[in-house]
Ligand SMILES: Cc1cc2nc3c(=O)[nH]c(=O)nc-3n(C[C@H](O)[C@H](O)[C@H](O)COP(=O)(O)OP(=O)(O)OC[C@H]3O[C@@H](n4cnc5c(N)ncnc54)[C@H](O)[C@@H]3O)c2cc1C
């Protein structure tokens, strides 16, 4: 297939000019403002909530608590709309204050008197599983676990010439979408109209209906422009949506709530911190004989999707390597921390950090080149994963070849300034596509469109545009297939009233599912039009060509503009439209044998990073990142590169500076002044390479692109740091303190001779 | 919310407001004030906005004296060729602040009055032996001026010697000798929008490889940016060999330990102070000596 050209995004103009409307830009007559009330301790028993004083404040319309939640406030172990008897973390809402203005609502919230008893808390998942720990749910803080067992690890370790054991930890981090979470609920004749940004509008609709005692068909969700998601705007939006909906039902007025940045930090979900213990055995020649992995994830105060996160981590924990004998067990435990939930990567960045650091440690012990050990053990066509799945369309070696070509890891860094040292590191991964067998439902999406009489194609898709360019993929596929200029194809706003539920836009599944559904829909419409014309032109429908806004047959004896062809069709058939459903090939998982076809396909990636370390301060500057990702087939090269580069910059925060800290059960990191995102001034030269090797097993041949690039960077950076200092860091992030300590050790051990500090 | 918001055009008016509303907050760029107002429970104070007072926005060279108005922003400091020529380390310090938005709003006067130990604008001024001028007006409409060395003006973390009725109007210092070299450096957790983990300014005059004069200031090390006279005294009259610099670094770190005691941050800070001191002095020496045409 000819290389596709990059197409500008239809949503870009509105966003760049400020014309796009985000939820906070929307106002409705008579709208009230909702503010959440919280108890500022990690764990508390609620004795009494008294809203009398707040209600006396000018403008306050209502103070509501868990007792006022109209439907099911809480499912077991999951987040309540408002905590009823006990708060399990400092972010838990216990009441809402509804007022005429936002300021009054905030002031009112301060006047709600709460009588509570502080309970013992536990912030560390290891402590949480110990005897006598304060219990969050039911009988134990155990939340979820998964295993993957292959061969016999004991036997595998016996075979090994060398065995090493290492432990790695990853930190709590967050999405940091620039748009904070929020929603507006409007009471209507037949239910509630909810405006909210989110990646799964139908999930929001279901959750809100259940929390608020409504039928699902009584909740309609309209999605305004989205100001960033990165895996968030999920369970948080369900809670916010339910709070504004209950407020709207109880006051019969439109109700709005937008979290402040502090609230996003305090109540919002975060990435699961993992502690991972690896034991690996290998032959002298580098062949791995066995790997044993035991992991523990901090689930935080409520369950949300932690079981699925742990499952993905378990499936991918070994990294992309052929290993005969594997034992992996990863567990999640409840703590009184903020809730852990989906963040771009969904468990992959954590295990990839560990397994890819481990590969370098193993290579070092064996005296092997880090690229070589990956080539020796890496997946190839037909390799069997930890869960017994036979792999197809394996592009790992293609990624490694490209890495070798674009980022020679052994190249000596040149022009190193005095007082600095440089190092280079690499990593590679495999990552399951889309939802996988961790979820029961079929992984499917629909795309519909109507061709109007002016030739415009009006499209409906359930996949959200959250900044990734997902809508344009759909438009582009329709454009290519129908031979219609993309300017004549318009994406309709996402509204659950008329768009088909296509699942949430998660798991890098947007292009695979909706792109292929768009292809089905476009072919459906094409056939409909071709059938009409073929009859008139007395030709076979297959002979009709759709190209450059025209419909014709090869010898041009018959040729119409697309618009005329459509209008002609309207004289013969009732409608001109395309309808397409598409689902990923089936997958399955057997919980008893811990095996199955986990994901319909996997994508592969490789990364190289160069760092420059300041020996005085311990500051790590990442100077170069090459990120190679197997995307199957590229739909829009510029977008694919942007997705990769965006993932890299997000991952650099994980590697170097981002962390959510608590002290005595309270959040220390309360805003962006302490939660240190990388800025453009920290950005390295990023070479983003979307790679086209073997296509994936779907009609478009595409794979997901949005998450994998968050998974490769931190191990490559840590391997580069090790390369520079000779000292291994095993805990994310590489902050000034830990790097300086490594420098000191390095000097003490004589790796950094004279240190370069003193010329 | 505040009761009154004053926006005087002239310094005199501002002084009168400050006399009449002593607890009023002076608003310069607001990059510290607005943040603290947001987190403070009591937000009831009046605000006197100084942003329309052009008298406070000048940068002047008069003979050997440089006078910088308190409302001069970091961006204006950076853009001043005269300052870059005469006191390049002040320009560099200004350049290291926050991000363009913060530098466009944040003022040197605000930086000084906020008195953060990590303030980036202060160490070069301390090195220069700068004075701050404080003005007030009394009931008889008589103007009073008070001048204090900046080191004496800043008392402690967040504390200055300013009186409730005073406004800091300008900062004064003499152009350093043409043979003096100057340096500023900072350690932050990232390359922009980073509060200094440690910063420092240094000014040295050498004669035939021997230190004639040195002023050495560290910020974010003790409770305020201050001159390290132990380091200075040790280095005067010496040739700056590797061993001597190492000893200077050790003296700096010992001084900090003595002042602050051991803290959780000491494991990081103390060794870094040692090597940062050495490096800053070395970089200062290498800084180009400006020669007047
Ligand atoms: C995102 C961010 C990043 C930052 N990064 C840095 C950094 O890298 N380095 C750094 O040093 N600082 C930094 N700061 C802090 C701040 O920008 C500086 O301290 C700045 O100089 C404050 O100046 P201002 O004009 O904004 O002061 P304001 O906030 O207006 O005032 C600060 C205080 O000084 C008082 N005040 C102001 N002017 C006068 C006057 N003329 N007379 C008497 N009192 C007065 C005010 O009443 C107030 O108490 C940062 C701040 C933010 C928000």
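A few comments on the model shown:
- Among strands (runs of 3 or more DSSP E) entirely within region A:11-69, having at least 3 residues that are over 23 Å from residue A:264 (Cβ atoms) singles out A:44-50, A:60-65.
- Being more than 30 Å from residue A:621 (Cα to Cα), under 19 Å from the mean Cα position of the chain (by Cα), surrounded by 14 or more Cβ atoms within 10 Å (Cβ to Cβ) and not assigned by TED's automatic domain parsing to the domain that holds residue B:17 is true of residue B:162.
- Residue B:199 being away from every other protein chain (no Cβ under 14 Å) and in contact (Cβ under 8 Å) with a residue 40 or more places away in the chain: no
- Odd one out for residue B:187, checked against (1) away from chain A (no Cβ under 14 Å); (2) buried (at least 20 other Cβ atoms within 10 Å of the Cβ): (1)
- Residue within region A:680-696 that is without any contact (Cβ under 8 Å) to a residue 24 or more places away in the chain and within 14 Å of chain B (Cβ to nearest Cβ) present: yes
- Residue check for residue A:653: in the same structural domain as residue A:400 (by TED's automatic domain parsing), surrounded by fewer than 21 Cβ atoms within 10 Å (Cβ to Cβ) and over 29 Å from residue A:381 (Cβ atoms): no
- Unique residue being modelled with pLDDT of 95 or more, surrounded by fewer than 23 Cβ atoms within 10 Å (Cβ to Cβ) and in a helix (DSSP H, G or I) when the list is A:331, A:262, A:292: A:262
- The selection criterion, being free of Cβ contacts under 8 Å to residues at least 40 places away in the same chain and within 14 Å of chain A (Cβ to nearest Cβ), holds for residue B:252.
The rows are residues; the columns are (1) outside the structural domain of residue B:166 (by TED's automatic domain parsing); (2) surrounded by 12 or more Cβ atoms within 10 Å (Cβ to Cβ); (3) closer than 19 Å to residue B:133 by Cα.
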site: B:15; (1), (2), (3): yes, yes, yes
site: B:34; (1), (2), (3): yes, yes, no
site: B:38; (1), (2), (3): yes, no, no
site: B:66; (1), (2), (3): no, yes, yes
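- Just so you know, in region B:126-140 the residues that are touching a residue at least 60 places away in the same chain (Cβ under 8 Å) and more than 10 Å from the ligand (Cβ to nearest atom) include one that is surrounded by the fewest Cβ atoms within 10 Å (Cβ to Cβ), and it is B:139.
- Residue match in region A:91-108 (condition: crowded, with 23+ Cβ neighbours inside 10 Å and in a loop (DSSP other than H, G, I, E, B)): yes
- Where helices (runs of 4 or more DSSP H) fall wholly inside region B:1-94, the ranges with 3 or more residues that are within 15 Å of the ligand (Cβ to nearest atom) and within 17 Å of the chain's Cα centre (by Cα) are B:74-79.
- Matching entry among A:608, A:646 (being away from chain B (no Cβ under 14 Å) and part of a helix (DSSP H, G or I)): A:646
- Residue tally, condition at the interface with chain A (Cβ under 10 Å from one of its Cβ atoms) and part of a helix (DSSP H, G or I), over region B:255-272: 5
- Checking each residue in region A:310-323 for being touching a helix residue (DSSP H, G or I) at 6+ places or on another chain (Cβ under 9 Å) and either in a loop (DSSP other than H, G, I, E, B) or closer than 23 Å to residue A:207 by Cβ (or both) picks out A:312, A:317, A:318, A:319, A:320, A:322, A:323.
- Qualifying residues in region B:97-115 (those that are within 14 Å of chain A (Cβ to nearest Cβ) and part of a helix (DSSP H, G or I)) - the one farthest from the ligand (Cβ to nearest atom): B:100
- Residues being out of contact with any strand residue (DSSP E or B) (no Cβ under 6 Å at 6 or more places or on another chain) and in a strand (DSSP E or B) - total across region A:147-160: 0
- Where residue A:269 falls short, out of the listed (1) outside the structural domain of residue A:91 (by TED's automatic domain parsing); (2) surrounded by fewer than 24 Cβ atoms within 10 Å (Cβ to Cβ): (2)
- Out of A:623, A:670, A:659, one residue alone is within 13 Å of another protein chain (Cβ to nearest Cβ), surrounded by fewer than 24 Cβ atoms within 10 Å (Cβ to Cβ) and touching a strand residue (DSSP E or B) at 6+ places or on another chain (Cβ under 6 Å). It is A:623.
- Check on residue A:368, surrounded by fewer than 21 Cβ atoms within 10 Å (Cβ to Cβ), at pLDDT 95 or above and either under 25 Å from the mean Cα position of the chain (by Cα) or more than 20 Å from residue A:655 (Cβ to Cβ) (or both): yes
- None of A:239, A:264, A:244 is over 20 Å from residue A:300 (Cβ atoms) and in contact (Cβ under 8 Å) with a residue 24 or more places away in the chain except A:244.
- Residues satisfying the stated conditions in region A:484-499, i.e. crowded, with 18+ Cβ neighbours inside 10 Å and outside any helix (DSSP H, G or I): A:484, A:489, A:491, A:494, A:496, A:499
The values are calculated or read from the model by the stated rules, or taken from the named source; none is laboratory data. The structure presented is a predicted model; accordingly, all values stated were derived computationally and were not measured. Every residue, glycine as well, gets a Cβ built from its backbone with ideal geometry; the counts of neighbours run over all protein chains shown.
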